[in-house]
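Data first, discussion second: the structure below is written as structure tokens.
The values are calculated or read from the model by the stated rules, or taken from the named source; none is laboratory data. Computed from a predicted structure; not experimentally measured. Note that we place each Cβ from the backbone using ideal geometry, even for glycine, and neighbour counts take in every protein chain shown. Accessible surface is based on the protein model in full, side chains and every heavy atom, while ligands, DNA and RNA are left aside. Shrake-Rupley method; radii C 1.70, N 1.55, O 1.52, S 1.80 Å.
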Amino acid sequence: QPKKPRRALAPQVRVEDRGAAGQLGGWFESAKDVTGKWVFLKEVSLQQTIPKMDHLTCFLPGTLALDVFHHAMERYGPRSVQPHLLEKDRAAELTLAHKLTQSCVHMYFRTSTDMAPEITRFNGHGLQDDLQSMHNILRPETVESLYLMWRTTKLQIYRNWGQRLLAAFYRRKTPYGFCSLHNVNKASSKRDEMPSFFTAETLKYLFLLFSSDSALPLDHFVLSTEAHPVPVLPTLKRLGVQWPCDLNDTAAPTPSTGAENVPGSPQPEVLLRALQVMAELLDHGGK
């Protein structure tokens, strides 16, 4: 009796076909993720909804993870957060963040260069190309979310995904920097452009993703939209530094006149001291 052929565990997708593979390309966290539905944020207007997601939107899962992180800090202290330890609403928030992150990284994994296009569309077959928006300009949003998801959960999958993105970014290296792409399915379509946010944000988040928590402790700092670290007020207060903006002051702000030494205005030495404390925290890992 002839043996039955062994069933393939997953469809085999050639590298050159990745651009049309949709949900068949990429890495998953578990078997449940493979069969799960894709989660994305669609564009909504007064007249219609469009099933597409811009790469710029990929900052959102990191924001959700940061919210879970700070709520968990109040309850459990500085430790990694797992969904089974959280109350129902927070666990749902973290699950949503994971599924959005998964969609964002697969925007990268499904192309022949492992670089995400500016816009990805979704339909019943999964992720699809938006032929008018196939360029990539080395944006940081997905790496930012990977970093915040890793810091919140300590699940290795986020570093694994980040390592693959790091390799893809490294392949964009040129003798004078890193190049963007006109088309993410054509590695030769190099674009003579390296935006400043690539070094200010993308590379910074990649560094933090693979660094220890002491490199920038999230319970001591918040990162601005341009990845500038700013100390949180409780951290400054513990160090005896009075931040110029008093949260307990409910009086209406006084319009600036440009005059120096106006009563009640922040003095230069106070601002300087706050900046010095921030620099010391960065040097000593927030301790």
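For R164, state whether it is in contact (Cβ under 8 Å) with a residue 24 or more places away in the chain, charged (D, E, K, R), in contact with a Leu (Cβ under 9 Å, 6 or more places away or on another chain) and under 19 Å from S103 (Cα atoms).
So R164 fails the test.
Which residue, of L216, L181, L223, L203, is closer than 15 Å to L138 by Cβ, surrounded by 19 or more Cβ atoms within 10 Å (Cβ to Cβ) and of a type in the set (A, V, I, L, M)?
Being closer than 15 Å to L138 by Cβ, surrounded by 19 or more Cβ atoms within 10 Å (Cβ to Cβ) and of a type in the set (A, V, I, L, M) holds for just one of L216, L181, L223, L203, which is L181.
Being polar (S, T, N, Q), more than 13 Å from F198 (Cβ to Cβ), in a loop (DSSP other than H, G, I, E, B) and open to solvent by 20 Å² or more (accessible area, probe 1.4 Å): is that true of Q163 here?
In short, no.
Take the residues in the stretch 31-75 that are at pLDDT below 90 and among the acidic types (D, E), then tell me which one is surrounded by the fewest Cβ atoms within 10 Å (Cβ to Cβ).
Across the stretch 31-75, the extreme among qualifying residues is E74.
Report the residue count in the stretch 131-154 for those that are farther than 18 Å from S211 by Cα and either surrounded by fewer than 20 Cβ atoms within 10 Å (Cβ to Cβ) or of a type in the set (S, T, N, Q) (or both).
Final tally of qualifying residues: 6.
Could you grab me the full set of residues in the stretch 109-134 that are outside any loop (DSSP other than H, G, I, E, B) and hydroxyl-bearing (S, T, Y)?
Once the filter is applied, which keeps residues that are outside any loop (DSSP other than H, G, I, E, B) and hydroxyl-bearing (S, T, Y), the stretch 109-134 yields only T120.
Based on this model, can you work out whether I157 counts as open to solvent by 10 Å² or more (accessible area, probe 1.4 Å), at pLDDT below 95 and closer than 19 Å to L60 by Cβ?
When the stated conditions are applied, I157 passes them.
Which of (1) over 30 Å from F198 (Cβ atoms); (2) open to solvent by 50 Å² or more (accessible area, probe 1.4 Å); (3) of a type in the set (A, V, I, L, M, F, W, C) does L86 not meet, given it meets every other one?
(2)
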